[in-house]
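**Student:** Pasting a structure here, questions to come.
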Amino acid sequence: MNNSNLIFDRSFVDGKWIAIGASKFDIVNPANGQKIKSVNDGGVAISEKAIGVAFEAFQGWKKTTAKFRATLLEKWHNLILDNTEGLAEIMTLECGKPLKESKGEVSYGAAFVKWFAEEGKRTYGDVIPPHTENRRLVVIKQAVGVVGAITPWNFPLAMITRKVAPALAAGCTVVLRPAEETPLTALAIAHLASIAGFPPGVFNVIIGKDASAMGKVLCESEKVKKISFTGSTRVGHLLMSQSASTLKKLSLELGGNAPFIVFEDANIDMAVEGTIVSKFRNSGQTCVCVNRVIVHEKIYEKFSQKLKKAISKLKVGNGMEEEVNIGPLINKDALKKVNDFVEDAILKGGEVLLGGKRIGECFFEPTLISNANLEMNFSKEEIFGPIIPLYKFSNDEEAIKMANNTVYGLASYFFSENVTRCWRVAEALEYGMVGINEGLISTELAPFGGIKFSGQGREGSKYGMDDYLDIKYMCFGNII
Ligand code: SIN
């Protein structure tokens, strides 16, 4: 184990490790149900304290230069990478993803810190040609203030850096509430941020079991000016309504129901590979995982047989073991939900080509279901598990209609070798992101985010700074 110097059991507020009261809760390894660590349950009290601290810290932090903030972010980035092994182990222990995926997440997460260290220095304003001779019109961008970041368990590191790095680069201070399943990774990177030299109170991590009570405190506080949330659409709705009284800025990265269309002119081997990398990342527990594979009738048989063969090579098990491709699902509820999807599909005419069953208490077989139809529950809901339903179509219009037939609009994918079709379909898909002949589209360089019930705002890329900045227009008059 390389991680003992990175494990903490209480909130990190004002540059100190703080426990409030004696109440604790256990962090459990989803691969075997064993306790990893008990952590202090700071709840509402620590949330209120952290908001006050972040508010005070903002008064000084906002005055620092972008260049100074970039030097600290650079140091944080390097420290995260230097601790790849330890951080990856913590992540695999608390969220179950295979170790090689956890290592990949460390570099993915660190890349956001590096990117925003640079991007913060390019927070340019504008000089606008005036409407009268004696005026000068100028636009500057300023940090919004204290940011409440609420992050999920499926990417315990990267979803944090994707929010916290642009916030800090912009000059905001942060109160982060990581998922109660995976606080250890969050605390470890807070420790590295403090070594990097961020002043006390600039980046605070609050730990507690009661997500809804802590989220409510962040949303209703007048001192918090922005909420950035990644998680379910249900909770996104709730946070939005709780934020209404203080008219907060909101970034919401919510659920998805990603279609993956395979046209008759697709390179089938590439499409199979694209399906596998997109679907089975983190055992199917990502918002951008393929949810529905929609295949042209002419190649349906060939594609499904090749896909079946590729899936049968995947190894399920404890993510700490070498060679494992698919780890556990996060908890028993997740396992039941996935099992219910399969039972529902069978009742409605689905044919299980592969898998379909639980393995013990923690794992689910990678599953391929043929003859999927729109009545099946997974046609409407996010699966968040290792199931691929196969749908059939006969023309482009039908495929696009099926793909858009959902309230969600996060990621979508399709495979075709025809450039005209590629443009036409990409423009017709009602999604924030489209993968064309590609199943893995996430990078710090590109804007990640959705439309419709998948949320608002963008993370990563040059657009990822905007959500942490207010625009100020200054009119200089009487210049004679
Ligand atoms: C998510 O599932 O929320 C994020 C996935 C990604 O960043 O690729």
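The values are calculated or read from the model by the stated rules, or taken from the named source; none is laboratory data. Computed from a prediction, not measured in an experiment: that's the story for all the values here. Virtual Cβ from ideal backbone geometry, glycine too; neighbours counted across all protein chains shown. When the accessible area is computed, the model is the full protein with side chains, heavy atoms only, and any ligands, DNA or RNA have been set aside. Shrake-Rupley method; radii C 1.70, N 1.55, O 1.52, S 1.80 Å.
**Student:** Per residue, how much space in cubic angstrom lies within the convex hull of the C-alpha atoms of the chain?
**Tutor:** Values: hull volume 71.4 nm³, N = 480.
Once divided by residue count, the hull of the chain is 149 Å³.
**Student:** Counting only heavy atoms of protein chains, what accessible area per residue, in Å², does the range 258-443 have with a probe of 1.4 Å? Don't skip to the end; give the middle numbers.
**Tutor:** Values: 7680 Å² over 186 residues.
Ligands and nucleic acids excluded, the figure is 41 Å² per residue.
**Student:** Summing +1 for each Lys or Arg and -1 for each Asp or Glu, what net charge is found among the other residues whose Cβ lies under 12 Å from the Cβ of residue 403? If you can, show how the numbers build up before the last one.
**Tutor:** Working: positive: 292, 401; negative: 396, 397, 398, 430.
Net charge around residue 403: -2.
**Student:** Please give the per residue accessible area of the range 1-50, computed with a probe of 1.4 Å over protein heavy atoms only, in Å².
**Tutor:** 50 Å²
**Student:** When the helix-only estimate is applied to the chain (DSSP H runs of n ≥ 4, each -39,500 (n - 2.57), divided by the residue count), what is the mean residue ellipticity at 222 nm, nearest 500 deg cm²/dmol?
**Tutor:** On the way: 14 runs with 181 residues, N = 480.
One gets -12000 deg cm²/dmol as the mean residue ellipticity at 222 nm.
**Student:** Given points 7 Å out from each Cα along the Cα-Cβ axis, report the residue 423 to residue 462 separation in nanometres with one decimal.
**Tutor:** Rounded to a tenth, the inter-label distance reads 2.3 nm.
**Student:** Pick out, in residue order, every one of the trypsin sites (Lys or Arg not before Pro) in the range 1-110 that is DSSP loop and has at most 13 other C-beta atoms within 10 Å; say none if there are none. Could you put the intermediate results ahead of the total?
**Tutor:** Values: sites: 10, 16, 24, 35, 37, 49, 62, 63, 67, 69, 75, 100, 103; in loops: 10, 62, 63.
Hits after loop and neighbour filter: 63.
**Student:** Mind counting lysine pairs for me in the range 227-319? Cα separation below 26 Å, and the two need to be 8 or more apart along the chain or on different chains.
**Tutor:** 14
**Student:** Another one. Find out how many positive minus negative residues lie around residue 477, taking Lys and Arg as positive, Asp and Glu as negative, among other residues whose Cβ is under 9 Å from that of residue 477. Working shown, then result.
**Tutor:** Values: positive: 135, 136; negative: none.
Counting the neighbours of residue 477, the net charge comes to +2.
**Student:** Compute the FRET efficiency between residue 343 and residue 195 as 1/(1 + (r/R0)^6), taking r as their Cβ-Cβ distance and R0 = 60 Å, and round to the nearest 0.05. Working shown, then result.
**Tutor:** Numbers: r = 50 Å, r/R0 = 0.83.
Working from the Cβ atoms, E equals 0.75.
**Student:** Here's something else I'd like to know. Count charges around residue 257 for me, please; just the other residues with Cβ under 11 Å from its Cβ, Lys/Arg as +1, Asp/Glu as -1. Could you put the intermediate results ahead of the total?
**Tutor:** Details: positive: 292, 380, 452; negative: 381, 382.
Neighbour charge sum, excluding residue 257 itself: +1.
**Student:** Now for a separate question. Whole-Hz Karplus ³J(HN,Hα) for the range 449-458, in order, using 6.51 cos²θ - 1.76 cosθ + 1.60 and θ = phi - 60°, x for Gly and Pro?
**Tutor:** With coefficients 6.51, -1.76 and 1.60, one gets x, x, 10, 6, 7, 8, x, 8, x, 10 Hz.
**Student:** A further question on this structure: List residues of the range 458-480, by number, whose backbone nitrogen lies under 19 Å from a label position 7 Å along Cα→C-beta of residue 135.
**Tutor:** 471-480
**Student:** Would you work out which of 425, 445, 390 lies farthest towards the positive end of the dipole of the range 323-468, given +1 charges on the beta-carbon of Lys and Arg and -1 on that of Asp and Glu, about the Cα centre?
**Tutor:** Among 425, 445, 390, the one farthest towards the positive end of the dipole of the range 323-468 is 390.
**Student:** Rounded to a whole number, what % of the accessible area of the range 261-311 do carbon and sulfur atoms account for, probe 1.4 Å?
**Tutor:** Working: 820 of 1650 Å².
Percent of accessible area from carbon and sulfur atoms in the range 261-311: 50.
**Student:** Between the range 317-369 and the range 79-150, what's the alpha-carbon centroid distance in Å?
**Tutor:** If you average the Cα positions of each part, the centres end up 35 Å apart.
**Student:** Moving to a separate point now. Helix 419-428 against the longest principal axis of the chain: what's the angle in degrees, Cα atoms only, rounded to the nearest 10?
**Tutor:** Result, in degrees: 60.
**Student:** For residue 407 and residue 63, compute 0.36 nm times the residue count separating them, minus their Cα-Cα distance, and round to one decimal in nm.
**Tutor:** Numbers: separation 344, 0.36 × 344 = 123.84 nm, distance 4.23 nm.
Using 0.36 nm per residue and subtracting the Cα-Cα distance, I get 119.6 nm.
**Student:** Evaluate E = 1/(1 + (r/R0)^6) for residue 331 and residue 357, where r is the Cβ-Cβ distance and R0 equals 30 Å; express this FRET efficiency to the nearest 0.05. Intermediate values should be presented prior to the final figure.
**Tutor:** Values: r = 18 Å, r/R0 = 0.60.
The calculated FRET efficiency here is 0.95.
**Student:** Leaving out ligands, DNA and RNA, and with a 1.4 Å probe, what % of the accessible surface on the range 15-55 is carbon or sulfur? Walk me through the intermediate numbers first.
**Tutor:** Working: 960 of 1890 Å².
Carbon with sulfur: 51 percent of the solvent-accessible area.
**Student:** Considering the zone a paramagnetic label at residue 126 would reach in this model (a point 7 Å from Cα along the Cα-to-Cβ line), which residues of the range 437-474 have amide N under 15 Å from it?
**Tutor:** Only 466, 470-474 pass the distance filter.
**Student:** A follow-up question, please. Applying the Karplus parametrisation 6.51 cos²θ - 1.76 cosθ + 1.60 with θ = phi - 60° to the phi angles of the range 78-92, what ³J(HN,Hα) value in whole Hz is obtained for each residue in order, glycine and proline being reported as x?
**Tutor:** Values, residue by residue: 5, 5, 4, 5, 4, 9, 3, 4, x, 5, 5, 4, 4, 4, 5 Hz.
**Student:** Considering only protein heavy atoms and a probe of 1.4 Å, how much of the accessible area of the range 140-209 is carbon and sulfur, as a whole percent?
**Tutor:** Numbers: 570 of 1050 Å².
It is 55 percent, rounded to a whole number.
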